[in-house]
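Written out below as C-alpha cells is the structure these notes cover.
The values are calculated or read from the model by the stated rules, or taken from the named source; none is laboratory data. Predicted model only: the values in this text are computed from it and were never measured. FYI the Cβ positions are ideal-geometry reconstructions off the backbone, even for glycines, and counts take in every protein chain you see. Only protein heavy atoms, including side chains, enter the accessible area calculation; ligands, DNA and RNA are left aside. Shrake-Rupley method; radii C 1.70, N 1.55, O 1.52, S 1.80 Å.
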Amino acid sequence: MEDGKYVEQFKTVDDIRDVINTLIEEYRNAKKGKVGVLFRVKVPPNSSTLYKEGHQGNFRLVQGVRVGDYTFDKNSNFEWVLEDREAGLSFSKTFSHLKGKQKMLSKHAMGYQKPGPADVAWWILESNELPDGMEFVRDPDDRSHYFLAVTRRMHISKLVENLKFISFRMNLAKDISFGV
Amino acid sequence: MLKYRERTVKAKEIAIHYAKQLADENTQAIVAGERDVKNNDEAIALSIFFWAMLDQSVLDAENGVEVEGENNIQFWVEKLMNIFHGHLEEIGYVKEWDNVCDKQ
C-alpha cells in the first residue's frame, strides 16, 4: 500500500473547491502566512508520488521515478539522483494552479481526447516532516507551483523509499467523474 | 513579458512552434516573449492557445511526431503551463486563465 487515505470524492474539481480553499486557509493561518499545504494531481493507477510502467507518458522510468522529474547522474547508470532545486514532482499551492493541472492531466488521461480520472492528493507541511535531503522549493516560473526537490545527492533506492513515505502520508480526494 | 530561462529554452521553441500553427500573430509575439499581455482579451487568447497547444501536442505525441527535436513534448508543455500561469498571475490576469480553464 503506497497511497494515503481517500477522505473526499469529487465529480468536477470545482466540487472540492471549498475543501481545498479551507485547507489552504487553515494551514496558511497556522503557519503565519507561509505555505501550509500543497496539492498534487495523480492519475491512477499511479500512486501520489511513484509511476507504474505503462502509465508514465513518454518518460523513461527508474523504479517508478520518471527521468525528467529528477536529475540523474547519467554516469551512474541511473543509480544516483543529483541535488537539483529546480526539478522534482509538481505540487500546487493555489486552487487556480491545481485546477489547471487537474484539467490538463484529466483531459487526455487515456490518450488523445480520451479523458480519465485525475485524483487530488495533499501534503500538510506542519503535520509531517519531509525526509532528509528533500524540500519543497518554489518554481522560479510560477509562485503557485512547487517542486518536491532533492537537495542532497541520494541513491535511487533512498529516493523511492522517501517518495513512498511521503505518498503514504498524503490524504486524497477521488475523482469519480468517470464512475466510482 | 513571458520569460524563459536557460533551462526552459526548449519550452520556448516548442511554444513558438505551436503558436505558428494555432495562434494569431499577436499571441505569437506574446508567446515568443517579444511583447507583453496588455489587456483581458490578450490574456484570454494566450490561455486559449495553451489548451489548443496541449491538445495538439498530445495528438503529435501519439503519432510519434518530434517537435523541435523532442519526443517528450508532454514534459515541456507541463513547464509551459507553469510559465504561462505564473506570468498571468503575476501581472493580474489569473482570473482570465481560470475562466478559460473552466471551459475545458
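A few remarks follow.
- Those residues of the stretch B:34-68 which are within 14 Å of another protein chain (Cβ to nearest Cβ), farther than 17 Å from A:Met104 by Cα and of a type outside the set (A, V, I, L, M), in sequence order: B:Asn63, B:Gly64, B:Glu66
- Failed item in (1) over 19 Å from A:Gln113 (Cα atoms); (2) within 13 Å of chain A (Cβ to nearest Cβ); (3) within 13 Å of the chain's Cα centre (by Cα), with B:Glu78 passing the rest: (1)
- Among residues of the stretch B:19-67, those that are charged (D, E, K, R) and closer than 21 Å to B:Lys95 by Cα, counted: 5
- Restricting attention to the stretch A:77-123, the residues being within 23 Å of A:Gln9 (Cβ to Cβ), part of a loop (DSSP other than H, G, I, E, B) and either within 9 Å of chain B (Cβ to nearest Cβ) or open to solvent by less than 60 Å² (accessible area, probe 1.4 Å) (or both) number 6.
- Enumeration of residues in the stretch A:1-17 that are surrounded by 16 or more Cβ atoms within 10 Å (Cβ to Cβ) and assigned to a helix (DSSP H, G or I): A:Val13, A:Ile16
- One residue from B:Ile83, B:Ile48 being out of contact with any Gly (no Cβ under 9 Å at 6 or more places or on another chain), open to solvent by 50 Å² or more (accessible area, probe 1.4 Å), in contact (Cβ under 8 Å) with a residue 24 or more places away in the chain and in a helix (DSSP H, G or I): B:Ile48
- Of the listed requirements (1) surrounded by 13 or more Cβ atoms within 10 Å (Cβ to Cβ); (2) at positive phi; (3) of a type in the set (S, T, N, Q), A:Thr49 misses just one: (2).
- Some residue of the stretch A:18-35 being within 11 Å of chain B (Cβ to nearest Cβ), more than 22 Å from B:Val58 (Cα to Cα), touching a Ser or Thr at 6+ places or on another chain (Cβ under 8 Å) and outside any loop (DSSP other than H, G, I, E, B): no
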